Amino acid sequence: MMQLAIQEPKIEQFFNHSKDEIIKALKFIVDNNIRDFGINKSNLELSIEQKEELDVRIKSLHKNPLMGRSWNEIKNTISR
């Protein structure tokens with residue numbers, strides 16, 4: 001059984017971000033009607049299908065490690 005370690009967001013984390021990033025995050029919260037940041041640990045377990053998909057992706061990565069994009073490449077396209 002695979003479990004994910006997720007930390008609840010803390011207000012201090014916002015201080016390291018720009019005003020625009022904070023506004024985007026708050027807009028996302030309002031637009032998606034997010035009211036509870038509590039973590040329901042029963043939702044953290046992966047389904048069989050998710051585990052199988054991860055296994056397929058890991059095998060693909062080992063066969064061709066140059067395939068795909070780095071985290072920095074992805075992050076740069078998101079932050080544009």
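Look at K19 and say whether it is more than 16 Å from the chain's Cα centre (by Cα), at pLDDT below 85 and loosely packed, with under 10 Cβ neighbours inside 10 Å. Criteria met by K19.
Whether any residue in the range 54-62 is more than 16 Å from the chain's Cα centre (by Cα), in a helix (DSSP H, G or I) and at pLDDT below 80 is what I want to check. No: the range 54-62 contains no residue that is more than 16 Å from the chain's Cα centre (by Cα), in a helix (DSSP H, G or I) and at pLDDT below 80.
The values are calculated or read from the model by the stated rules, or taken from the named source; none is laboratory data. Keep in mind the model is a prediction, meaning the values are calculated, not measured. For neighbour counting, all protein chains shown are included, and Cβ atoms are generated from backbone atoms with ideal geometry for every residue, glycine included.
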